[in-house]
Amino acid sequence: MNNTPYHYLSLVYNHLMRSIDYSDWTDYIIDIYYDYNETPNNVLELASGNCLMGKLIFKKFSNIILTDNSLSMLQNNSVQLPKVCCSMTSLPFKNKYDLIFSTFDSINYLTEKESLEHLFLEVKNILSENGIFTFDASLEKNSIINLKRLNRKGKFNGIKYKQKSEYDKLEKIHYNFFELTLESGQKIKEIHKQRIYDFEEYFEVIYNCGLIVRDCYEAFTFVDANNECERVQFIVQHKE
């Protein structure tokens, strides 16, 4: 049985991500913002997933809305903050946001360049005059180096899981195949696809959508990024 990505995976997602240091990652996003502005009036998170990052950001920046394309991910957590189920490429907001952010290489789930363009056009419409949009992206080196690490299996809350990771270098698509066996014995399969864009493509698309890259760092640092990085952090603003 095939299902929408994250519908069932949301039941074991926190277990799969248990090694992530959400606190340090949150501090990094906050430090990035303070390089540009003072405390934001409005904050919007795209692809919030289990909402743990948003929960930590809320402790510093209280006026926040969390969004995700997966209703299951938004529902299968105890975070009590405003949540909206929507796609990154179609944002149903009219307010302006001083900080818009996305983490965990969620941008790579937009597998068509047209979708990437839609995202940046949507962000442009709701980003405040001096606001920033910051996101991380996974580059090809990350897919190659960490491929074997993502082949794993285990059990959590009575659910058995297997994950197989493959990277199609020709098509530049990174696949994650999940097989879940529920307590009832029912088997569920989910296929997750991410496009690994070239480093330079982001700059081109962002600029063509009326925005500009103010800085781009090797992820979790403030060192200038290049196409040899595994993961990069973009900071985007309106053109002057």
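The values are calculated or read from the model by the stated rules, or taken from the named source; none is laboratory data. Everything quoted here is computed from the prediction, not taken from an experiment. Reconstructed Cβ throughout: ideal geometry from the backbone, glycine too, with neighbour counts over all protein chains shown.
For segment 211-240: of the residues being in a strand (DSSP E or B) and among the β-branched types (Val, Ile, Thr), which is surrounded by the most Cβ atoms within 10 Å (Cβ to Cβ)?
236
Of all helices (runs of 4 or more DSSP H) completely enclosed by segment 60-157, which ones contain at least 2 residues that are under 30 Å from residue 222 (Cα atoms) and touching a residue at least 24 places away in the same chain (Cβ under 8 Å)?
In segment 60-157, 113-126, 140-145 are the helices (runs of 4 or more DSSP H) which contain 2 or more residues that are under 30 Å from residue 222 (Cα atoms) and touching a residue at least 24 places away in the same chain (Cβ under 8 Å).
Here are some residues: 164, 189. Which one is of a type in the set (D, E, K, R), touching a residue at least 40 places away in the same chain (Cβ under 8 Å) and out of contact with any Ser or Thr (no Cβ under 6 Å at 6 or more places or on another chain)?
Going through 164, 189 in turn, just one is of a type in the set (D, E, K, R), touching a residue at least 40 places away in the same chain (Cβ under 8 Å) and out of contact with any Ser or Thr (no Cβ under 6 Å at 6 or more places or on another chain): 189.
Only residues that are farther than 25 Å from residue 192 by Cβ and surrounded by 14 or more Cβ atoms within 10 Å (Cβ to Cβ): list them for segment 52-74, please.
Within segment 52-74, 58, 60, 61, 63, 64 qualify.
Does segment 120-140 hold any residues that are among the acidic types (Asp, Glu) and farther than 21 Å from residue 172 by Cα, and which are they?
First, the residues of segment 120-140 that are among the acidic types (Asp, Glu): 122, 129, 136, 140.
Answer for segment 120-140, where residues must be among the acidic types (Asp, Glu) and farther than 21 Å from residue 172 by Cα: 122, 129.
Checking residue 85 against (1) out of contact with any Asp or Glu (no Cβ under 7 Å at 6 or more places or on another chain); (2) under 23 Å from residue 122 (Cα atoms), which single condition isn't satisfied?
Evaluating residue 85 over (1) out of contact with any Asp or Glu (no Cβ under 7 Å at 6 or more places or on another chain); (2) under 23 Å from residue 122 (Cα atoms) leaves (1) as the failure.
Could you please let me know if residue 50 is part of a loop (DSSP other than H, G, I, E, B) and closer than 24 Å to residue 191 by Cα?
Answer is yes for this residue.
For segment 183-210, what are the residues that are buried (at least 17 other Cβ atoms within 10 Å of the Cβ), within 19 Å of the chain's Cα centre (by Cα) and assigned to a strand (DSSP E or B)?
Passing the criteria: 190, 194, 195.
Given the conditions (1) under 20 Å from residue 40 (Cα atoms); (2) at pLDDT below 95, which single one is not true for residue 99?
(2)
Residue by residue through segment 7-51, note down the ones that are surrounded by fewer than 20 Cβ atoms within 10 Å (Cβ to Cβ), small (Gly, Ala, Ser) and at pLDDT below 95.
Once the filter is applied, which keeps residues that are surrounded by fewer than 20 Cβ atoms within 10 Å (Cβ to Cβ), small (Gly, Ala, Ser) and at pLDDT below 95, segment 7-51 yields only 19.
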